[in-house]
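Taking it in order: structure first as structure tokens, then the write-up.
The values are calculated or read from the model by the stated rules, or taken from the named source; none is laboratory data. A quick note: this is a predicted structure, and the numbers were derived from the prediction, not measured. For neighbour counting, all protein chains shown are included, and Cβ atoms are generated from backbone atoms with ideal geometry for every residue, glycine included. These area figures cover heavy atoms from the full protein model, side chains too; ligands, DNA and RNA do not enter into them. Shrake-Rupley method; radii C 1.70, N 1.55, O 1.52, S 1.80 Å.
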Amino acid sequence: MWTLRPALAAPLWIVAMVAMRSLLLLCAAVAGVQSFSSPPSSLPHHVLSRVQSPRLPPPPTGRSTGIACLRMGPGGDNEREGGAPDAGGKFRRQFLRDALLLGACGCGACLLPEQADALAQITAPPKEAIDAFDKPRDQFLDASFACGMYSGMGDYEQEAAPRKARLFATLLAALPRSDAVVAEVGIGSFPNARFLSQKGAPSNMDIVGVDPNDSMSPYALENARRAKLTQKGGKGGPNTLRIVHGVSEALPLGDASCDAVICSLTLCSVIDPERSVAEVKRVLKPGGKFLFWEHVLSETDAGMAKRQVALTPSQVKRADGCHLDRRTGEVIKAAGFSRVDIDSFDLLDQGFLNPTVAGIATL
């Protein structure tokens, strides 16, 4: 173990700052002029589960698999804010601006959206729970997976949007009108940001996103920015958004600290669904709400259910733990909530993700 002498510490700190700035500027320059034509090395598990053969779908024009990742619309076109097609210039310019800011100040705080005061305290889960459930991850695969979730789920989210909007409206109406604490477990790229910012949302929400994939954070922040969720003048006021590392079986939140918890396409891939739902109950305040939206084993199509069961072992291996054969609705109903309002239905064009359960459980 060794330490730097005080006389050398400051010069080396300055050198490190300059090096970081130079690296970010180089990354931004590459992102501004280069796009890749090859597909990401791993597609999101929800995209993979819709592929009926081992052959992966061709990448949409303009998809970036490295430094910058463009969100894809349902038709495969790059999307800018508002859903209109764009050649990717706006996203790359935003990336360049953010890189320049970070390179100039060296702290990263310039990239954070304007925030209200945080209300919920982030806590350290028990070590034994972390050891059991927060497994080591491959950073390269995580980065590719995060890019795929951000860019490849447009068609799914478009079909789900009407039902999601109604479900989230019900949740928002039940929350305190100000200072509600909302945790989203498995926040991913945060496609639900727009539903939390819709009409009727409370003001000054403290939103905590929990995810084991640290590469999701920049995409989640971008979706929050698009939804104006954390900006002054946005719907509901300047909410707080914090994204923290964690797993559903060991949430980094205190007992009875949340007014609502959200799980959306999350419980399919957790190690222990029952423990995960128990953790949701632990962090909810009395009377708190648990909004869930999960793909499940088909209960209406025996042939599909048989294929889901057969494909699940390979799906788990290649798709970050995703199970096609879970009965998540039964897990939630058996968890001991005082009330469970649940709806089972089938989407139309999402393959093995068509069978869905969604609803709100009340502690």
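Would you kindly compute the Cα radius of gyration of region 186-261 and its largest Cα-Cα separation (Dmax), both in Å?
12.2, 36
Is region 304-363 rounded, prolate or oblate when judged by the Cα gyration tensor, a ≥ b ≥ c being the square roots of its eigenvalues, rounded requiring a/c under 1.5 and prolate requiring a/b larger than b/c?
Numbers: a/c = 2.70, a/b = 1.73, b/c = 1.56.
Note, shape of region 304-363 comes out prolate.
Per residue, how much accessible area does region 164-208 show when a 1.4 Å probe rolls over the protein heavy atoms, in square angstrom?
Details: 1400 Å² over 45 residues.
On a per-residue basis, 31 Å².
Quick one: net charge of A278's neighbours, Cβ under 13 Å, K/R +1, D/E -1? Each step should come with its number before you reach the end.
On the way: positive: R275, K281, R282; negative: E249, D255, D272, E274, E279.
That sum, taken over residues with Cβ under 13 Å, equals -2.
Give me the percent of DSSP beta bridges within region 211-363 that run antiparallel, rounded to the nearest 5.
70
What do the square roots of 5 times the Cα gyration tensor eigenvalues come to for region 151-292, in whole Å, largest first, as semi-axes of the equivalent ellipsoid?
On the way: eigenvalues 85, 67, 43 Å².
Semi-axes from the Cα gyration tensor: 21, 18, 15 Å.
If we count every other residue with Cβ under 13 angstrom of R327's Cβ, Lys/Arg +1 and Asp/Glu -1, where does the sum land? Could the numbers behind the result be given before it?
Values: positive: R326, K333; negative: E274, E294, E299, D325, E330.
Overall, the nearby charge balance is -3.
Charges only on Cβ, +1 for Lys and Arg, -1 for Asp and Glu: so what's the dipole of region 239-317 about the Cα centre, in debye to the nearest 20? Mind dumping the intermediate values first?
On the way: 9 positive and 9 negative charges, 24 e Å.
That gives a dipole near 120 debye.
Just the accessible area per residue of region 237-310, please: how many Å² with a 1.4 Å probe? Could you put the intermediate results ahead of the total?
Numbers: 2450 Å² over 74 residues.
Solvent-accessible surface per residue comes out at 33 Å².
Cα convex hull of region 158-222: mean projected area in nm², to one decimal? Before the final figure, lay out each step's value.
Details: hull surface 18.2 nm².
Averaged projected area of region 158-222's Cα convex hull equals 4.5 nm².
For the residue pair K306 and Q158, what label-to-label distance in nm results when each label sits 7 Å from Cα along the Cα-to-beta-carbon direction?
About 3.4 nm, to one decimal.
Suppose every K and R has +1 on its Cβ and every D and E has -1 on its Cβ; what is the size of the dipole of region 116-193 about the Cα centre, in Debye to the nearest 20?
Numbers: 7 positive and 11 negative charges, 58 e Å.
It comes to approximately 280 debye.
What nm value, rounded to one decimal, do you get for the distance between A132 and A118 when each label is placed 7 Å out toward the C-beta?
Here the answer is 2.7 nm between the modelled labels.
Tally Lys/Arg at +1 and Asp/Glu at -1 over every other residue whose Cβ is under 14 Å from the Cβ of A256; what's the total? Could you put the intermediate results ahead of the total?
Numbers: positive: K281, R282, K285, K289; negative: D255, D259, E279.
Local net charge: +1.
On the full set of protein chains, 1.4 Å probe, figure out the accessible area of F140 and give it in Å² to the nearest 10.
140
Report the gain in length on full extension from E330 to S203: 0.36 nm times residue separation, minus Cα-Cα distance, nm rounded to one decimal. Mind dumping the intermediate values first?
Values: separation 127, 0.36 × 127 = 45.72 nm, distance 3.37 nm.
Value of the extension gain: 42.4 nm.
Probe radius 1.4 Å, ligands and nucleic acids ignored: give me the carbon and sulfur share of the accessible area of region 220-352 as a rounded percent. Spell out each step's value before the answer.
Numbers: 2860 of 5520 Å².
It is 52 percent, rounded to a whole number.
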